[in-house]
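The values are calculated or read from the model by the stated rules, or taken from the named source; none is laboratory data. All values reported here derive from a predicted model rather than from experimental measurement. All Cβ positions, glycine included, derive from the backbone under ideal geometry; neighbour counts span all protein chains shown.
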Amino acid sequence: GTWFGELDYMFDYPSIIDPTGRVSTFRVKPGSCVAHTYEGFSAVPQEMGFDTVAPINYTKDAPPFRIKLNPHIGNMGLAPDYEGKVNSVPPMASGGNLDDKRIGPGTTMYYRVEVPGALLSLGDAHAAQGDSELDGTGVETSMTAKLKITLLKQNELPLWLVNMEQPIGETADEYIIHSFTRRNFLTELEDPNTDVFQVSNFDDVMANTLLTVRNFLMDRYGVAEHEAPDIISLGVNL
């Protein structure tokens, strides 16, 4: 059969009339920034899960082991400025499937707005995960998240958010910089939803990451371009 989903509910955006009399249903415009502070979660009890990794079928229980919980949301972001369907697996400039265990309680994520209304979406909740989703899955779970959502107007943004190209996280003591094989695979590739899996490689990721971190340090702290590599070597974890 065919897998499909049905819409259970949706949010209504209130109509807004500006001073000129124009009616608008969205207050969030491209060029602004939406910050989400993850304030916690509540567990949704379920029965013990059981799954397979094709073509392996498990016929006995795994040996006893324990994994420390670090609840976080694997896929969260805003809608990209792209006409047509977008594959939700690869992360993108406006967020998406980052699968970063650091996006949990106490972290503020900054996403750039690309379409009117921003269209925040989130899902793919994890109870735990390592420093990557190496085999394609974390400890998947249900979760009810508590978020504080803030709109940062374009004309009020600091330089490092004006020039932000990729999602940035902020905690009490560090910034979390994300970068990918392509700066924006949706605009750089001919068939982005397919080609992104063919062109992805570690060298391009590292090159883009170093450029992204360098630009962030220059914009956020005012360091010179030639100073940034020293700071990255001394204080940045890649």
| said: Quick check on the stretch 190-214: of everything there that is of a type in the set (A, V, I, L, M) and buried (at least 16 other Cβ atoms within 10 Å of the Cβ), which residue is farthest from Glu225 (Cα to Cα)? | reply: Val196
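This table checks each residue for (1) assigned to a helix (DSSP H, G or I); (2) within 19 Å of Pro90 (Cβ to Cβ); (3) over 20 Å from the mean Cα position of the chain (by Cα).
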position	(1), (2), (3)
Gln198	yes, yes, yes
Asp203	yes, yes, yes
Asn208	yes, yes, no
Thr212	yes, yes, no
Asn215	yes, no, no
Asp219	yes, no, yes
Ala224	no, no, yes
Ile231	yes, no, yes
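Listed here are the residues, each with its yes/no results for (1) assigned to a loop (DSSP other than H, G, I, E, B); (2) at pLDDT below 90; (3) surrounded by fewer than 17 Cβ atoms within 10 Å (Cβ to Cβ).
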position	(1), (2), (3)
Met48	yes, yes, yes
Pro64	yes, yes, yes
Asn75	no, no, no
Lys85	yes, yes, yes
Leu98	yes, no, no
Tyr111	no, no, no
Glu114	yes, no, no
Gly123	no, no, yes
Ser132	yes, yes, yes
| message | Among the residues that make up the stretch 221-235, is at least one of them out of contact with any Cys (no Cβ under 6 Å at 6 or more places or on another chain), buried (at least 18 other Cβ atoms within 10 Å of the Cβ) and over 18 Å from Gly96 (Cα atoms)? | response | yes
| message | Suppose we keep only residues that are more than 17 Å from the chain's Cα centre (by Cα), assigned to a helix (DSSP H, G or I) and in contact (Cβ under 8 Å) with a residue 60 or more places away in the chain within the stretch 143-186. Which one would you say is surrounded by the fewest Cβ atoms within 10 Å (Cβ to Cβ)? | response | Leu159
| said: Filter the stretch 212-235 down to the residues that are of a type in the set (A, V, I, L, M, F, W, C) and without any contact (Cβ under 8 Å) to a residue 24 or more places away in the chain and list them by number. | reply: Leu217, Met218, Val223, Ala224, Ala228, Ile231, Ile232, Leu234
